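The block underneath contains the structure these notes are about, expressed in structure tokens.
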Amino acid sequence: MIGIIDYGMGNLYSVKKALERLTIPYFVSEDTEELAEADGLILPGVGAFRDAMNLIRENGQFEFIEHWAADGKPLLGICLGMQLLFEGSEEHGDTEGFGFLPGYARRFSGKDSQGRKLKVPHMGWNSLTFHQPDHPLLKNVEEGHAYFVHSYVIETADPDVLLATSDYGEVVPAVVGRGEIMGTQFHPEKSSTVGIGMLENFGAIVRERSGAHE
Amino acid sequence: MLTKRIIPCLDVKEGRVVKGTQFVELRDAGDPVELAGFYDEQWADELVFLDISASHEGRKTIIDVVEQVAATIAIPFTVGGGISSVDDMRNMLRAGADKVSLNTAAVKNPELITQGATYFGSQCIVVAVDAKYDESIGSWRIYTHGGRTPTDWEVTDWVREVTARGAGEILLTSMDQDGAKTGFDEALTRTVSEAVDVPVIASGGAGAKEHFVDVFAKSGADAALAASIFHYKETSIEEVKAFIRERGVLVR
């Protein structure tokens with residue numbers, strides 16, 4: 001069973017409907033006792049990094065999520081939810097993230113390597129390059145396109161966490177992961193068969209996990 | 001790299017899809033939810049729904065349409081038409097729309113753009129701009145109310161104003177080309193693309209596959225929107241994409 005963490009930010013409707021179409025069992029909750037019953041968690045998010053971290057702390061979910069990660073249970077961050085898994089962001093002044101993955105969110109430069117202007121936000125369908133195609137999240141998924149909408153991008157010195165990247169004048173970490181901590185910069189539920197395939201894979205990872213418990 | 005987007009537009013009236021040529025003649029082209037699923041399968045990159053219902057009852061049906069569409073497809077979509085308050089925007093986004101498009105209400109009350117961008121983020125706020133060339137100002141003039149009412153805004157001034165207020169995308173319709181099927185308005189699209197840093201969706205005038213090559217290669221559009229040529233199967237999105245890909249335009 002997947003638990004979707006509700007902390008008051010992000011539109012959950014589409015991800016819920018996508019899980020329903022995949023017949024993956026889920027529930028949405030802000031309550032950490034309820035969420036603790038899940039086999040895997042989704043951390044959604046749209047909006048500003050600082051607002052999200054503040055809400056997660058105010059809701060008393062910060063330590064719960066930290067413990068969850070320390071216990072090695074599956075966690076999938078989506079969009080802003082993925083960025084929160086990293087060390088921090090320079091959005092509206094520096095804000096600390098969870099620090100499960102090495103790297104920092106900073107604003108797109110808005111220029112390509114030749115100095116030509118690129119529009120920010122990075123909005124639309126961009127092609128993915130898989131670096132770890134055998135990763136359980138990418139298994140049997142076509143190396144196609146995903147739909148991105150973001151103005152901040154993760155910069156990491158550790159290529160091991162990059163499962164897939166895109167190119168927008170610089171390297172855009174698109175799918176990241178280390179152990180049971182995973183994330184997608186794009187919205188998988190809005191990224192057609194490529195994104196839906198990854199959601200299906202996360203469902204399988206979580207199901208396997210729940211089997212291991214029994 | 002980022003690809004160019006092809007976006008079918010569905011004009012919805014009282015829950016049914018219709019398409020007007022030159023904003024006057026309307027024909028019925030079907031069920032919005034079914035069409036949305038069809039276009040998703042055809043590799044549409046995104047969808048736009050414009051609610052042109054005249055009645056209050058008609059307007060309420062669009063929320064049901066949005067919910068059903070969001071439950072059916074796995075690509076982003078925008079809803080516009082008659083959105084005139086923060087509550088309207090919230091209702092659409094909660095129902096599963098990814099973006100809302102403001103037009104007349106944004107001209108009447110530009111503060112609405114600022115509020116929408118603040119509450120929901122710039123990425124959800126599209127401003128739809130209906131522009132018509134006006135010799136007396138040597139540029140394009142902005143119209144509201146589905147192209148019926150001229151305003152005092154010149155297009156470059158207006159798009160700079162809306163992006164300064166936080167609009168995340170411009171849906172630019174050429175009233176001169178709309179329904180004419182002789183190609184997108186390249187001069188207008190180039191003018192707007194150069195004036196702002198946000199993505200620009202060119203709309204109005206698509207009548208053949210070649211027109212999509214032209215609008216991407218010559219005018220700097222990030223996306224192109226069309227309705228009747230797709231609704232009446234004069235061509236398909238897959239055909240357009242194959243055609244423009246062969247001519248060097250990056251598509252999904």
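Read the figures in this text as sums done on the coordinates, not as results from a lab. Not measured: the values here are computed from a predicted model. Counting neighbours? That spans all protein chains shown, and the Cβs are built from the backbone with ideal geometry, glycine included.
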Practice task
Pull up the DSSP beta bridges for the protein assembly as shown and report the antiparallel fraction as a percent, rounded to 5.
Solution key: 45
Fill in the blank from the handout: Over chain B, the quotient of the Cα radius of gyration and 2.2 N^0.38 Å is 0.92
Practice task
Could you pull out every whole DSSP H run in chain A that spans at least 24 Å of Cα extent along its own axis and averages -0.5 or higher on the Kyte-Doolittle scale?
Solution key: A:192-213
Problem - Pair-distance profile P(r), taking every C-alpha pair of segment B:42-91, with 5 angstrom steps and integer % - result: 5, 18, 30, 25, 14, 7, 2
Fill in the blank from the handout: Distance in Å, no decimals, from the C-alpha centre of segment A:70-86 to the one of segment B:192-226 is 37
Problem - Helical contribution to [θ] at 222 nm, DSSP H n ≥ 4, -39,500 (n - 2.57), averaged over the protein assembly as shown, rounded to 500 - result: -9500 deg cm²/dmol
Problem - Inter-probe distance in nm under a simple model that places probes 7 Å from Cα toward Cβ, at residue B:217 and residue B:1 - result: 1.5
Practice task
Counting only DSSP beta bridges with both residues in chain A, tell me the antiparallel percent, nearest 5.
Solution key: 60
Problem - Cα centroid of segment A:100-126 to Cα centroid of segment B:99-143, whole Å - result: 26
Practice task
Give the percent of DSSP beta bridges with both residues in chain B that are antiparallel, rounded to the nearest 5.
Solution key: 35
Fill in the blank from the handout: Residue separation between residue A:157 and residue A:31 times 0.36 nm, minus their alpha-carbon distance, gives in nm 41.9 nm
